[in-house]
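Written out below as structure tokens is the structure these notes cover.
We did not get these values from a lab; they are worked out from the coordinates using the rules stated. Not measured: the values here are computed from a predicted model.
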């Protein structure tokens with residue numbers, strides 16, 4: 001929808017890297033690289049949220065773009 005907001009979430013990492021996940025193969029993405037891909041597709045980043053990882057939780061990032 002024109003004027004809408006796209007929200008993209010990913011596991012965050014320094015490079016694009018596959019890893020085993022319960023459901024299917026998952027990937028870590030550098031959040032800045034994800035933002036560049038959104039910009040190349042014509043989106044403008046409006047918000048960025050990050051959840052740092054720990055021994056039990058993987059790092060996550062969420063980008064909102066319009």
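Computed over segment 6-65, the Cα gyration tensor eigenvalues convert (square root of 5λ each) into semi-axes of 21, 13, 10 Å, ordered from largest to smallest. Could you work out how far helix 31-40 tilts from the main Cα principal axis of the chain, as a 0 to 90 degree angle to the nearest 10? Rounded to the nearest ten degrees, it is 30. Computed per residue of the chain from DSSP H runs no shorter than four, each worth -39500 (n - 2.57), the mean residue ellipticity at 222 nm is -4500 deg cm²/dmol. The slack in the chain from residue 47 to residue 23, taken as 0.36 nm per residue of separation less the alpha-carbon distance, amounts to 5.8 nm.
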